[in-house]
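S.K.: What follows is a structure written as C-alpha coordinates; I'll ask about it next.
The values are calculated or read from the model by the stated rules, or taken from the named source; none is laboratory data. Worth saying up front: this structure is predicted, and the values here are computed from it rather than measured. A quick note on method: Cβ atoms are made from the backbone with ideal geometry, for glycine too, and the neighbour counts reach across all protein chains shown. Ligands, DNA and RNA are stripped out before the accessible areas are found, and what is left, the full protein with its side chains, is counted by its heavy atoms. Shrake-Rupley method; radii C 1.70, N 1.55, O 1.52, S 1.80 Å.
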Amino acid sequence: MFDTLSEKFSDAFKNIQGKGKISETNIEETLKQVRTALLEADVNFKVVKEFIAKVKEEALGEKVIKGVNPGEQFIKIVHDELASVMGVENEELNLDRKDIVPVLVVGLNGQGKTTFSGKLALHLRNKKKKNVLLVPADTFRPAAKDQLITHAKNLGVDWFDSDLSMHPKDIAIKAMAFAKENDKDVVIIDTAGRLHVDDELMGQIKEVRESLSSMNPEVLMVADAMTGQEAVNVAKSFHDAITLTGVVLSKMDSDARGGAALSIRYVTGVPIKYISTGEKMKDLELFHPDRLAKRILDMGDVLSLVEKAEDAIDQKEAESMMKNLEKGKFTVEDFMKQMDMMKNLGSMSSILKMIPGMGGMLRQIGDLSPAETEMTRMRVIINSMTKQERQDYKLIKESRIERIAKGSGNTVAQVKDFLAKFRQMEKMMGGMMQMFKGGGMPGMGGFPGMPGGGMPGGGMPGGMPDFDNPFGGGKKKKGKGKGPWGGGYFKK
Ligand SMILES: Nc1nc2c(ncn2[C@@H]2O[C@H](COP(=O)(O)OP(=O)(O)OP(=O)(O)O)[C@@H](O)[C@H]2O)c(=O)[nH]1
Ligand SMILES: [Mg+2]
(Lines give C-alpha, C1' and ligand atoms only; values in the text may rest on other atoms or scores of the structure.)
(Ligands and ions follow the chains in the order given, each with its own letter.)
Protein backbone atom coordinates (compact mmCIF):
# COMPACT_ATOMS: atom_id res chain seq x y z
CA MET A 1 0.00 0.00 0.00
CA PHE A 2 1.49 3.34 -1.06
CA ASP A 3 4.98 1.91 -1.31
CA THR A 4 6.44 4.65 -3.49
CA LEU A 5 5.07 7.37 -1.24
CA SER A 6 6.59 5.66 1.81
CA GLU A 7 9.93 5.40 0.07
CA LYS A 8 9.95 9.05 -0.98
CA PHE A 9 8.99 10.21 2.51
CA SER A 10 11.70 8.12 4.02
CA ASP A 11 14.25 9.68 1.65
CA ALA A 12 12.97 13.16 2.44
CA PHE A 13 13.36 12.65 6.18
CA LYS A 14 17.01 11.72 5.79
CA ASN A 15 17.76 15.42 5.29
CA ILE A 16 16.48 16.38 8.64
CA GLN A 17 17.60 13.44 10.70
CA GLY A 18 20.57 14.20 12.88
CA LYS A 19 20.00 17.96 12.74
CA GLY A 20 20.26 19.71 16.09
CA LYS A 21 17.30 21.98 15.56
CA ILE A 22 14.51 22.46 13.04
CA SER A 23 15.03 25.69 11.12
CA GLU A 24 13.51 27.24 8.05
CA THR A 25 16.60 26.45 5.97
CA ASN A 26 17.06 22.87 7.02
CA ILE A 27 13.44 21.86 6.49
CA GLU A 28 13.23 23.57 3.13
CA GLU A 29 14.71 20.69 1.16
CA THR A 30 12.70 18.12 3.14
CA LEU A 31 9.46 19.98 2.55
CA LYS A 32 10.27 20.26 -1.13
CA GLN A 33 10.72 16.51 -1.33
CA VAL A 34 7.55 15.83 0.67
CA ARG A 35 5.67 18.10 -1.69
CA THR A 36 7.00 16.30 -4.78
CA ALA A 37 6.25 12.93 -3.21
CA LEU A 38 2.63 13.92 -2.59
CA LEU A 39 2.15 15.37 -6.06
CA GLU A 40 3.65 12.26 -7.62
CA ALA A 41 1.28 10.16 -5.56
CA ASP A 42 -1.50 12.03 -7.37
CA VAL A 43 -2.68 13.93 -4.31
CA ASN A 44 -4.89 16.92 -5.09
CA PHE A 45 -2.71 20.04 -5.45
CA LYS A 46 -4.81 22.08 -3.02
CA VAL A 47 -4.40 19.38 -0.41
CA VAL A 48 -0.65 19.36 -0.99
CA LYS A 49 -0.39 23.13 -0.71
CA GLU A 50 -2.28 23.28 2.54
CA PHE A 51 -0.52 20.22 3.90
CA ILE A 52 2.93 21.70 3.32
CA ALA A 53 1.93 25.05 4.79
CA LYS A 54 0.56 23.39 7.94
CA VAL A 55 3.58 21.15 8.42
CA LYS A 56 5.90 24.11 8.01
CA GLU A 57 3.98 26.22 10.46
CA GLU A 58 3.86 23.44 13.04
CA ALA A 59 7.50 22.49 12.59
CA LEU A 60 8.81 26.02 12.97
CA GLY A 61 6.47 26.82 15.81
CA GLU A 62 7.24 23.56 17.58
CA LYS A 63 8.69 24.01 21.00
CA VAL A 64 11.90 22.09 21.31
CA ILE A 65 11.08 19.06 23.39
CA LYS A 66 14.10 17.95 25.34
CA GLY A 67 15.28 14.46 24.57
CA VAL A 68 13.30 14.11 21.35
CA ASN A 69 15.36 14.61 18.26
CA PRO A 70 14.11 17.16 15.74
CA GLY A 71 13.91 14.55 12.99
CA GLU A 72 11.48 12.51 15.04
CA GLN A 73 9.50 15.60 15.96
CA PHE A 74 9.20 16.47 12.31
CA ILE A 75 7.97 12.97 11.40
CA LYS A 76 5.40 13.22 14.19
CA ILE A 77 4.13 16.50 12.74
CA VAL A 78 3.88 14.95 9.26
CA HIS A 79 2.07 11.96 10.75
CA ASP A 80 -0.51 14.08 12.54
CA GLU A 81 -1.08 16.18 9.46
CA LEU A 82 -1.47 13.13 7.20
CA ALA A 83 -3.99 11.65 9.60
CA SER A 84 -5.85 14.92 9.85
CA VAL A 85 -6.12 15.30 6.07
CA MET A 86 -7.64 11.82 5.92
CA GLY A 87 -10.08 12.45 8.74
CA VAL A 88 -8.42 11.53 12.08
CA GLU A 89 -10.82 8.86 13.32
CA ASN A 90 -12.57 5.95 11.72
CA GLU A 91 -16.19 6.65 11.01
CA GLU A 92 -18.20 3.47 10.96
CA LEU A 93 -21.73 3.11 9.67
CA ASN A 94 -24.40 4.55 11.88
CA LEU A 95 -26.06 1.31 13.01
CA ASP A 96 -27.22 2.51 16.39
CA ARG A 97 -30.87 2.76 15.58
CA LYS A 98 -34.11 0.93 16.08
CA ASP A 99 -35.13 0.72 12.44
CA ILE A 100 -33.64 -1.28 9.65
CA VAL A 101 -30.60 0.41 8.12
CA PRO A 102 -30.57 0.55 4.32
CA VAL A 103 -27.08 0.71 2.81
CA LEU A 104 -27.02 1.82 -0.79
CA VAL A 105 -23.83 0.82 -2.62
CA VAL A 106 -23.09 3.00 -5.64
CA GLY A 107 -20.23 3.79 -8.00
CA LEU A 108 -18.94 3.48 -11.52
CA ASN A 109 -18.49 0.30 -13.47
CA GLY A 110 -16.13 -2.39 -12.16
CA GLN A 111 -15.02 -0.46 -9.08
CA GLY A 112 -15.82 -3.31 -6.71
CA LYS A 113 -19.41 -2.59 -5.59
CA THR A 114 -20.69 -6.15 -5.71
CA THR A 115 -17.57 -7.50 -4.06
CA PHE A 116 -17.79 -4.85 -1.34
CA SER A 117 -21.49 -5.60 -0.74
CA GLY A 118 -20.54 -9.19 0.08
CA LYS A 119 -17.62 -8.12 2.26
CA LEU A 120 -19.76 -5.66 4.19
CA ALA A 121 -22.41 -8.34 4.80
CA LEU A 122 -19.75 -10.62 6.25
CA HIS A 123 -18.26 -7.84 8.38
CA LEU A 124 -21.61 -6.68 9.78
CA ARG A 125 -22.73 -10.20 10.56
CA ASN A 126 -19.50 -11.37 12.19
CA LYS A 127 -18.32 -8.19 13.87
CA LYS A 128 -21.54 -6.32 14.58
CA LYS A 129 -23.79 -9.35 15.00
CA LYS A 130 -26.28 -7.93 12.53
CA ASN A 131 -28.88 -9.84 10.59
CA VAL A 132 -28.11 -8.80 7.03
CA LEU A 133 -30.02 -8.98 3.74
CA LEU A 134 -28.20 -8.66 0.41
CA VAL A 135 -30.24 -7.10 -2.38
CA PRO A 136 -29.23 -7.26 -6.04
CA ALA A 137 -30.57 -4.11 -7.74
CA ASP A 138 -28.31 -3.95 -10.77
CA THR A 139 -30.88 -4.04 -13.56
CA PHE A 140 -28.25 -2.91 -16.05
CA ARG A 141 -26.08 -6.03 -16.00
CA PRO A 142 -28.33 -8.98 -15.06
CA ALA A 143 -25.37 -11.31 -14.35
CA ALA A 144 -24.63 -9.09 -11.34
CA LYS A 145 -27.58 -10.70 -9.54
CA ASP A 146 -25.97 -14.15 -9.76
CA GLN A 147 -22.65 -12.66 -8.70
CA LEU A 148 -24.15 -11.22 -5.53
CA ILE A 149 -26.22 -14.33 -4.80
CA THR A 150 -23.09 -16.48 -5.14
CA HIS A 151 -21.40 -14.32 -2.48
CA ALA A 152 -24.51 -14.54 -0.29
CA LYS A 153 -24.61 -18.34 -0.56
CA ASN A 154 -20.91 -18.70 0.16
CA LEU A 155 -21.21 -16.46 3.20
CA GLY A 156 -24.45 -17.97 4.41
CA VAL A 157 -26.18 -14.59 4.27
CA ASP A 158 -29.80 -14.15 3.14
CA TRP A 159 -30.52 -12.44 -0.15
CA PHE A 160 -33.56 -10.93 -1.78
CA ASP A 161 -34.79 -12.51 -5.00
CA SER A 162 -35.16 -9.23 -6.90
CA ASP A 163 -37.30 -8.99 -10.00
CA LEU A 164 -34.88 -7.31 -12.39
CA SER A 165 -37.66 -6.16 -14.70
CA MET A 166 -38.63 -3.66 -11.99
CA HIS A 167 -37.09 -0.22 -11.45
CA PRO A 168 -34.30 -0.38 -8.85
CA LYS A 169 -36.28 1.97 -6.57
CA ASP A 170 -39.19 -0.50 -6.52
CA ILE A 171 -36.78 -3.35 -5.86
CA ALA A 172 -35.39 -1.36 -2.92
CA ILE A 173 -38.87 -0.69 -1.49
CA LYS A 174 -39.90 -4.33 -1.82
CA ALA A 175 -36.64 -5.49 -0.29
CA MET A 176 -37.13 -3.21 2.72
CA ALA A 177 -40.62 -4.63 3.26
CA PHE A 178 -39.24 -8.15 3.00
CA ALA A 179 -36.49 -7.24 5.47
CA LYS A 180 -39.06 -5.99 7.97
CA GLU A 181 -41.06 -9.20 7.75
CA ASN A 182 -37.90 -11.20 8.24
CA ASP A 183 -36.38 -9.28 11.15
CA LYS A 184 -33.37 -7.96 9.33
CA ASP A 185 -31.15 -5.24 10.80
CA VAL A 186 -29.28 -4.09 7.71
CA VAL A 187 -30.21 -4.19 4.02
CA ILE A 188 -27.32 -3.85 1.55
CA ILE A 189 -28.46 -2.79 -1.90
CA ASP A 190 -25.98 -3.37 -4.75
CA THR A 191 -26.66 -1.06 -7.68
CA ALA A 192 -25.53 -0.88 -11.28
CA GLY A 193 -22.38 0.86 -12.48
CA ARG A 194 -21.78 2.85 -15.65
CA LEU A 195 -18.64 3.65 -17.55
CA HIS A 196 -18.91 7.38 -16.81
CA VAL A 197 -20.94 9.62 -14.59
CA ASP A 198 -24.05 10.18 -16.72
CA ASP A 199 -27.51 11.60 -16.25
CA GLU A 200 -29.25 8.29 -16.65
CA LEU A 201 -27.22 6.63 -13.92
CA MET A 202 -27.48 9.58 -11.56
CA GLY A 203 -31.20 9.90 -12.24
CA GLN A 204 -31.78 6.25 -11.42
CA ILE A 205 -29.71 6.25 -8.24
CA LYS A 206 -31.31 9.49 -7.15
CA GLU A 207 -34.72 7.86 -7.38
CA VAL A 208 -33.54 4.88 -5.33
CA ARG A 209 -32.06 7.20 -2.74
CA GLU A 210 -35.24 9.27 -2.58
CA SER A 211 -37.41 6.19 -2.17
CA LEU A 212 -35.34 5.37 0.94
CA SER A 213 -34.93 8.89 2.27
CA SER A 214 -37.41 8.48 5.13
CA MET A 215 -35.26 5.58 6.33
CA ASN A 216 -32.08 7.64 6.49
CA PRO A 217 -29.93 5.42 4.26
CA GLU A 218 -26.18 5.05 4.29
CA VAL A 219 -25.01 5.85 0.77
CA LEU A 220 -21.56 4.43 0.12
CA MET A 221 -19.63 5.07 -3.06
CA VAL A 222 -17.05 2.47 -4.01
CA ALA A 223 -14.01 3.87 -5.83
CA ASP A 224 -10.97 2.06 -7.17
CA ALA A 225 -8.00 3.56 -5.29
CA MET A 226 -5.81 3.08 -8.36
CA THR A 227 -7.72 5.76 -10.23
CA GLY A 228 -6.39 8.56 -8.01
CA GLN A 229 -7.76 12.02 -8.77
CA GLU A 230 -10.38 10.53 -11.07
CA ALA A 231 -11.87 8.79 -8.03
CA VAL A 232 -11.96 12.16 -6.28
CA ASN A 233 -13.80 13.81 -9.19
CA VAL A 234 -16.31 10.97 -9.41
CA ALA A 235 -16.92 11.12 -5.66
CA LYS A 236 -17.57 14.83 -5.99
CA SER A 237 -20.11 14.30 -8.79
CA PHE A 238 -21.92 11.59 -6.85
CA HIS A 239 -21.91 13.63 -3.67
CA ASP A 240 -23.28 16.70 -5.44
CA ALA A 241 -26.04 14.65 -7.04
CA ILE A 242 -27.12 12.23 -4.32
CA THR A 243 -25.29 13.14 -1.08
CA LEU A 244 -22.97 10.35 -0.02
CA THR A 245 -22.51 9.30 3.60
CA GLY A 246 -19.22 7.56 2.96
CA VAL A 247 -16.63 6.39 0.46
CA VAL A 248 -15.10 2.93 0.18
CA LEU A 249 -11.68 2.69 -1.43
CA SER A 250 -11.26 -0.61 -3.23
CA LYS A 251 -8.21 -2.39 -4.64
CA MET A 252 -5.92 -0.94 -1.99
CA ASP A 253 -3.89 -4.13 -2.40
CA SER A 254 -2.87 -2.96 -5.86
CA ASP A 255 -0.15 -0.38 -6.33
CA ALA A 256 -2.43 2.56 -5.66
CA ARG A 257 -0.31 5.66 -5.11
CA GLY A 258 -2.33 7.29 -2.37
CA GLY A 259 -3.90 10.21 -4.24
CA ALA A 260 -7.48 9.11 -3.66
CA ALA A 261 -7.04 8.24 0.00
CA LEU A 262 -5.32 11.51 0.78
CA SER A 263 -7.63 13.79 -1.19
CA ILE A 264 -11.21 12.51 -1.06
CA ARG A 265 -12.03 13.63 2.45
CA TYR A 266 -10.49 17.05 1.97
CA VAL A 267 -12.05 17.73 -1.42
CA THR A 268 -15.54 16.32 -0.88
CA GLY A 269 -15.94 16.39 2.89
CA VAL A 270 -17.14 12.78 2.72
CA PRO A 271 -15.34 10.37 5.07
CA ILE A 272 -13.70 7.21 3.79
CA LYS A 273 -15.29 4.44 5.84
CA TYR A 274 -13.75 1.21 4.58
CA ILE A 275 -10.87 0.00 2.47
CA SER A 276 -11.04 -3.10 0.34
CA THR A 277 -7.74 -4.94 0.17
CA GLY A 278 -8.26 -7.99 -2.03
CA GLU A 279 -10.66 -10.16 -3.93
CA LYS A 280 -11.59 -12.41 -1.02
CA MET A 281 -14.58 -11.67 1.18
CA LYS A 282 -12.43 -11.24 4.28
CA ASP A 283 -10.34 -8.52 2.63
CA LEU A 284 -12.08 -5.53 4.15
CA GLU A 285 -10.69 -3.12 6.73
CA LEU A 286 -12.11 -0.15 8.54
CA PHE A 287 -10.42 3.01 7.35
CA HIS A 288 -8.30 4.36 10.18
CA PRO A 289 -6.56 7.58 9.07
CA ASP A 290 -4.01 7.48 11.87
CA ARG A 291 -3.10 3.87 11.20
CA LEU A 292 -2.74 4.50 7.49
CA ALA A 293 -0.54 7.52 8.21
CA LYS A 294 1.66 5.24 10.31
CA ARG A 295 1.87 2.69 7.51
CA ILE A 296 2.84 5.40 5.03
CA LEU A 297 5.57 6.60 7.36
CA ASP A 298 6.93 3.09 8.06
CA MET A 299 5.79 3.32 11.64
CA GLY A 300 3.97 0.01 11.33
CA ASP A 301 0.41 -0.75 12.27
CA VAL A 302 0.50 -3.13 15.16
CA LEU A 303 -3.15 -2.62 16.09
CA SER A 304 -4.36 -3.76 12.67
CA LEU A 305 -1.96 -6.67 12.78
CA VAL A 306 -3.35 -7.83 16.11
CA GLU A 307 -6.92 -7.49 14.82
CA LYS A 308 -6.04 -9.43 11.70
CA ALA A 309 -4.41 -12.16 13.76
CA GLU A 310 -7.47 -12.43 15.97
CA ASP A 311 -9.63 -12.95 12.90
CA ALA A 312 -7.32 -15.23 10.99
CA ILE A 313 -6.24 -17.53 13.74
CA ASP A 314 -8.47 -20.28 14.92
CA GLN A 315 -8.15 -20.21 18.69
CA LYS A 316 -9.09 -23.88 19.09
CA GLU A 317 -6.49 -25.05 16.56
CA ALA A 318 -3.91 -22.82 18.18
CA GLU A 319 -4.68 -24.32 21.59
CA SER A 320 -4.50 -27.87 20.33
CA MET A 321 -1.14 -27.12 18.70
CA MET A 322 0.02 -25.58 21.94
CA LYS A 323 -0.90 -28.77 23.78
CA ASN A 324 1.16 -30.78 21.31
CA LEU A 325 4.07 -28.45 21.80
CA GLU A 326 3.85 -28.67 25.53
CA LYS A 327 4.30 -32.39 25.14
CA GLY A 328 7.42 -31.61 23.13
CA LYS A 329 5.69 -32.62 19.90
CA PHE A 330 5.79 -30.63 16.68
CA THR A 331 4.47 -32.43 13.63
CA VAL A 332 4.41 -31.67 9.92
CA GLU A 333 0.64 -31.41 10.36
CA ASP A 334 1.14 -28.63 12.94
CA PHE A 335 3.54 -26.89 10.60
CA MET A 336 1.02 -27.03 7.79
CA LYS A 337 -1.63 -25.52 10.07
CA GLN A 338 0.72 -22.70 11.01
CA MET A 339 1.39 -22.01 7.36
CA ASP A 340 -2.36 -21.92 6.76
CA MET A 341 -2.77 -19.38 9.53
CA MET A 342 -0.03 -17.26 8.03
CA LYS A 343 -1.69 -17.44 4.66
CA ASN A 344 -4.96 -16.26 6.16
CA LEU A 345 -3.17 -13.20 7.50
CA GLY A 346 -2.05 -12.12 4.05
CA SER A 347 1.14 -12.02 2.03
CA MET A 348 4.44 -11.95 3.90
CA SER A 349 5.24 -8.43 2.83
CA SER A 350 1.80 -7.13 3.78
CA ILE A 351 2.24 -8.56 7.28
CA LEU A 352 5.79 -7.36 7.68
CA LYS A 353 4.82 -3.83 6.73
CA MET A 354 2.58 -3.69 9.76
CA ILE A 355 5.58 -4.08 12.03
CA PRO A 356 7.26 -0.75 12.85
CA GLY A 357 10.40 -0.15 10.83
CA MET A 358 9.92 -3.19 8.61
CA GLY A 359 8.75 -1.18 5.62
CA GLY A 360 12.18 0.36 5.11
CA MET A 361 13.91 -2.94 5.61
CA LEU A 362 11.63 -4.60 3.09
CA ARG A 363 12.58 -1.98 0.54
CA GLN A 364 16.23 -2.86 0.99
CA ILE A 365 15.51 -6.54 0.57
CA GLY A 366 13.22 -6.12 -2.38
CA ASP A 367 11.40 -9.23 -3.34
CA LEU A 368 9.92 -11.62 -0.84
CA SER A 369 8.45 -13.88 -3.47
CA PRO A 370 11.20 -16.53 -3.21
CA ALA A 371 10.09 -17.15 0.36
CA GLU A 372 6.44 -17.29 -0.71
CA THR A 373 7.33 -19.74 -3.48
CA GLU A 374 9.22 -21.86 -1.00
CA MET A 375 6.16 -21.98 1.25
CA THR A 376 4.04 -23.10 -1.67
CA ARG A 377 6.58 -25.82 -2.45
CA MET A 378 6.48 -27.04 1.14
CA ARG A 379 2.73 -27.14 1.01
CA VAL A 380 2.70 -29.41 -2.09
CA ILE A 381 5.31 -31.69 -0.56
CA ILE A 382 3.28 -32.00 2.63
CA ASN A 383 0.15 -32.72 0.61
CA SER A 384 1.91 -35.70 -0.94
CA MET A 385 2.65 -37.23 2.46
CA THR A 386 0.38 -39.73 4.17
CA LYS A 387 -1.49 -38.79 7.32
CA GLN A 388 0.84 -40.96 9.39
CA GLU A 389 3.88 -39.33 7.88
CA ARG A 390 2.54 -35.90 8.72
CA GLN A 391 2.24 -37.03 12.30
CA ASP A 392 5.74 -38.50 12.32
CA TYR A 393 8.08 -37.54 9.52
CA LYS A 394 10.67 -40.08 10.71
CA LEU A 395 8.52 -42.76 9.08
CA ILE A 396 9.61 -41.39 5.70
CA LYS A 397 12.25 -43.67 4.23
CA GLU A 398 14.24 -43.31 1.02
CA SER A 399 11.66 -45.04 -1.19
CA ARG A 400 8.89 -42.84 0.13
CA ILE A 401 11.00 -39.74 -0.47
CA GLU A 402 11.09 -40.70 -4.14
CA ARG A 403 7.33 -41.20 -4.21
CA ILE A 404 6.69 -37.89 -2.47
CA ALA A 405 9.02 -36.14 -4.91
CA LYS A 406 7.16 -37.61 -7.86
CA GLY A 407 3.75 -36.96 -6.37
CA SER A 408 4.54 -33.32 -5.64
CA GLY A 409 6.47 -32.54 -8.82
CA ASN A 410 9.70 -31.92 -6.88
CA THR A 411 13.14 -33.49 -6.97
CA VAL A 412 14.34 -35.93 -4.33
CA ALA A 413 16.83 -33.30 -3.18
CA GLN A 414 14.01 -30.79 -2.65
CA VAL A 415 12.03 -33.22 -0.53
CA LYS A 416 15.14 -34.02 1.50
CA ASP A 417 15.77 -30.34 1.89
CA PHE A 418 12.28 -29.85 3.27
CA LEU A 419 12.74 -32.71 5.72
CA ALA A 420 16.03 -31.21 6.84
CA LYS A 421 14.44 -27.86 7.47
CA PHE A 422 11.58 -29.48 9.28
CA ARG A 423 13.99 -31.32 11.52
CA GLN A 424 15.61 -27.98 12.33
CA MET A 425 12.26 -26.43 13.15
CA GLU A 426 11.41 -29.36 15.36
CA LYS A 427 14.62 -28.84 17.27
CA MET A 428 14.02 -25.16 17.61
CA MET A 429 10.47 -25.68 18.78
CA GLY A 430 11.86 -27.94 21.48
CA GLY A 431 14.19 -25.13 22.54
CA MET A 432 11.38 -22.61 22.57
CA MET A 433 9.20 -24.80 24.73
CA GLN A 434 11.99 -24.91 27.26
CA MET A 435 11.91 -21.12 27.31
CA PHE A 436 8.15 -21.13 27.71
CA LYS A 437 8.47 -23.35 30.71
CA GLY A 438 11.15 -21.04 32.01
CA GLY A 439 8.63 -18.18 31.94
CA GLY A 440 8.17 -16.15 28.81
CA MET A 441 10.24 -15.55 25.78
CA PRO A 442 12.24 -12.37 26.03
CA GLY A 443 12.59 -10.50 22.79
CA MET A 444 10.27 -12.77 20.88
CA GLY A 445 7.92 -10.74 18.78
CA GLY A 446 5.96 -13.59 17.25
CA PHE A 447 2.47 -13.25 15.96
CA PRO A 448 -0.20 -12.97 18.60
CA GLY A 449 -2.14 -16.12 19.12
CA MET A 450 0.41 -18.27 17.34
CA PRO A 451 1.98 -20.99 19.32
CA GLY A 452 5.72 -21.12 19.35
CA GLY A 453 6.08 -17.38 18.90
CA GLY A 454 5.15 -17.24 15.25
CA MET A 455 6.53 -18.76 12.12
CA PRO A 456 8.79 -21.64 12.75
CA GLY A 457 12.25 -21.86 11.41
CA GLY A 458 13.15 -18.21 11.41
CA GLY A 459 11.84 -18.74 7.96
CA MET A 460 13.02 -15.80 5.99
CA PRO A 461 14.79 -15.65 2.68
CA GLY A 462 18.54 -16.00 2.70
CA GLY A 463 20.68 -13.01 3.43
CA MET A 464 18.03 -11.07 5.32
CA PRO A 465 19.31 -8.82 8.05
CA ASP A 466 18.08 -9.58 11.54
CA PHE A 467 14.73 -10.82 10.49
CA ASP A 468 14.62 -13.76 12.82
CA ASN A 469 13.47 -11.84 15.80
CA PRO A 470 10.37 -10.05 14.58
CA PHE A 471 9.12 -13.38 13.31
CA GLY A 472 9.88 -15.04 16.56
CA GLY A 473 12.18 -17.44 14.77
CA GLY A 474 14.91 -17.24 17.35
CA LYS A 475 18.54 -17.97 16.77
CA LYS A 476 20.56 -17.09 13.74
CA LYS A 477 21.70 -20.04 11.76
CA LYS A 478 25.09 -20.77 10.34
CA GLY A 479 23.88 -21.68 6.91
CA LYS A 480 22.32 -18.27 6.43
CA GLY A 481 22.21 -17.14 2.85
CA LYS A 482 22.54 -20.60 1.33
CA GLY A 483 18.95 -21.09 0.35
CA PRO A 484 15.73 -19.20 0.21
CA TRP A 485 14.92 -20.25 3.74
CA GLY A 486 18.11 -19.09 5.25
CA GLY A 487 20.15 -22.19 4.56
CA GLY A 488 20.89 -24.93 7.05
CA TYR A 489 20.56 -27.89 4.72
CA PHE A 490 20.06 -31.41 5.91
CA LYS A 491 23.32 -33.14 6.62
CA LYS A 492 23.23 -36.67 7.85
N1 LIG B 1 -7.47 -6.89 -6.07
C2 LIG B 1 -8.70 -6.51 -5.77
N3 LIG B 1 -9.69 -6.77 -6.63
C4 LIG B 1 -10.93 -6.37 -6.30
C5 LIG B 1 -11.21 -5.68 -5.11
N6 LIG B 1 -12.53 -5.41 -5.08
C7 LIG B 1 -13.05 -5.93 -6.22
N8 LIG B 1 -12.10 -6.51 -6.97
C9 LIG B 1 -12.22 -7.14 -8.28
O10 LIG B 1 -12.65 -6.17 -9.23
C11 LIG B 1 -13.53 -6.73 -10.18
C12 LIG B 1 -14.83 -5.94 -10.24
O13 LIG B 1 -15.49 -6.09 -9.00
P14 LIG B 1 -17.07 -6.00 -8.84
O15 LIG B 1 -17.37 -6.14 -7.40
O16 LIG B 1 -17.76 -6.92 -9.77
O17 LIG B 1 -17.29 -4.50 -9.33
P18 LIG B 1 -18.67 -3.75 -9.55
O19 LIG B 1 -18.43 -2.34 -9.17
O20 LIG B 1 -19.77 -4.45 -8.88
O21 LIG B 1 -18.81 -3.87 -11.15
P22 LIG B 1 -20.15 -3.61 -12.01
O23 LIG B 1 -21.26 -4.26 -11.32
O24 LIG B 1 -19.83 -4.23 -13.34
O25 LIG B 1 -20.28 -2.14 -12.12
C26 LIG B 1 -13.71 -8.18 -9.77
O27 LIG B 1 -12.85 -8.97 -10.53
C28 LIG B 1 -13.30 -8.20 -8.31
O29 LIG B 1 -12.82 -9.45 -7.92
C30 LIG B 1 -10.11 -5.40 -4.22
O31 LIG B 1 -10.24 -4.79 -3.15
N32 LIG B 1 -8.89 -5.84 -4.61
MG1 LIG C 1 -21.57 -5.13 -9.58
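S.K.: So how much accessible area does H288 have, in Å² to the nearest 10, using a 1.4 Å probe?
M.R.: Per-residue accessible area (H288): approximately 40 Å².
S.K.: For the full complex of protein chains and a 1.4 angstrom probe, list L195, L60 by accessible area with the highest value first.
M.R.: Correct descending sequence by accessible area is L195, L60.
S.K.: Can you bin the chain into rounded, prolate or oblate? Criterion: square roots of the alpha carbon gyration tensor eigenvalues sorted a ≥ b ≥ c, rounded for a/c under 1.5, prolate for a/b above b/c, oblate for the rest.
M.R.: oblate
S.K.: Could you rank D283, D392, D161 by how accessible they are, 1.4 Å probe, largest area first?
M.R.: D161, D392, D283
S.K.: Moving on to the next point. Could you point to the residue in S6, I189, L93 farthest towards the positive end of the chain's charge dipole, with +1 and -1 charges on the Cβ of Lys/Arg and Asp/Glu respectively?
M.R.: S6
S.K.: About its Cα centre, what dipole magnitude does the chain give when the only charges are +1 on Lys and Arg Cβ and -1 on Asp and Glu Cβ, stated in debye to the nearest 20?
M.R.: 2500
S.K.: Work from the charge dipole of the chain (Cβ charges, +1 for Lys and Arg, -1 for Asp and Glu, about the Cα centre) and give the residue of M341, V43, S408 farthest towards its positive end.
M.R.: About the Cα centre, the residue reaching furthest to the positive side is S408.
S.K.: Something else now. Is there a quick way to get the dipole size of region 3-86? I mean about its Cα centre, with the Cβ of Lys and Arg at +1 and of Asp and Glu at -1; what is the value in debye to the nearest 20?
M.R.: I would put it at about 300 debye.
S.K.: Dipole of the chain (Lys/Arg Cβ +1, Asp/Glu Cβ -1, origin at the Cα centre): which of V55, M321, L148 lies farthest to the positive side?
M.R.: Working it through, the farthest residue towards the positive pole turns out to be M321.
S.K.: I would also like to ask the following. Too long at a 32 Å Cα-Cα cut-off: which of K316/K387; K273/K323; K113/K308; K280/K394; K128/K294?
M.R.: Violating the 32 Å Cα-Cα cut-off are K273/K323; K280/K394.
S.K.: I've got another one for you. Could you look at the chain and say what percent of its accessible area is carbon and sulfur, using a 1.4 Å probe and all protein chains?
M.R.: 51
S.K.: Are any of the pairs K119/K169; K54/K127; K169/K236; K145/K337 more than 30 Å apart by Cα-Cα distance, and if so, which?
M.R.: Exceeds cut-off: K54/K127; K145/K337.
S.K.: Further question: Could you sort Y393, Y274 by their accessible area in this structure, using a 1.4 Å probe and putting the largest first?
M.R.: Accessible-area ranking of Y393, Y274, largest first: Y393, Y274.
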